[in-house]
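Scroll down for the structure; my scribbles are underneath it.
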Amino acid sequence: MAKLSPEQYWKWRTAASEMNSAAIEAKYKFQSFQMAEKDIEIAKLRNVLYKQVVQTYQDRANQSKVDYDELKAQLEVELGVSLKDAVIDDITFEIKPLEDVTGT
């Protein structure tokens with residue numbers, strides 16, 4: 001029956017151990033890589049969702065401007081005065097020209 005010398009045995013044992021260690025390390029690195037890819041994918045999805053939230057707020061701001069402009073136009077028609085370059089007194093509700101308030 002064939003027999004390894006002590007030197008051959010330790011070379012074989014060391015090579016086998018290094019092979020197993022390298023395989024485990026490669027598997028660990030591959031799994032780390034896969035997790036990093038998933039993190040990127042999740043970040044992209046979060047970005048898409050956040051972009052939708054931002055768009056919702058922008059749409060709301062735009063609609064508020066449209067509503068304000070419509071109300072302003074309606075008030076100008078009802079009151080027969082322009083609200084451009086005018087202020088409304090918070091106590092008396094009087095419409096005053098901006099130049100009267102600022103003194104310019």
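Which chymotrypsin sites (Phe, Trp or Tyr not before Pro) does the chain hold that lie in a coil by DSSP with at most 15 other beta carbons within 10 Å? Sites meeting the loop and neighbour criteria: 93.
What the stretch 20-68 shows is 96 Å² of accessible area per residue, with the surface traced by a 1.4 Å probe over protein heavy atoms. When you filter the trypsin sites (Lys or Arg not before Pro) in the stretch 1-38 for DSSP loop state and at most 14 other Cβ atoms inside 10 Å of their Cβ, you are left with 3.
Helix 6-79 sits at what angle to the longest principal axis of the chain, using alpha carbons and giving 0 to 90 degrees rounded to 10? Computed tilt is about 10 degrees. Placing 5, 82 in order of accessible area, with the largest value first and a 1.4 Å probe, yields 82, 5.
With a cut-off of 11 Å between beta carbons, the residues surrounding residue 85 carry a summed charge of 0, where Lys and Arg count +1 and Asp and Glu -1. The helix-only estimate of mean residue ellipticity at 222 nm for the chain, built from DSSP H runs of length n ≥ 4 each weighted as -39500 (n - 2.57), is -28000 deg cm²/dmol after division by the residue total. Cross-link partners for residue 51 among the lysines, with Cα-Cα distance under 20 Å and sequence neighbours closer than 8 places in the same chain left out: 38. In straight-distance terms, cross-link reach from residue 3 covers every one of the lysines whose alpha-carbon lies under 19 Å from its own, apart from those fewer than eight places away in the same chain; here that gives 11.
The values are calculated or read from the model by the stated rules, or taken from the named source; none is laboratory data. Predicted model, so just to flag it, every value in this text is computed and none were measured. Using ideal geometry, Cβ is built from the backbone for each residue, glycine included, and neighbour counts are taken over all protein chains shown. Note: accessible area is taken over every heavy atom of the protein model, side chains too, but ligands, DNA and RNA are not part of it. Shrake-Rupley method; radii C 1.70, N 1.55, O 1.52, S 1.80 Å.
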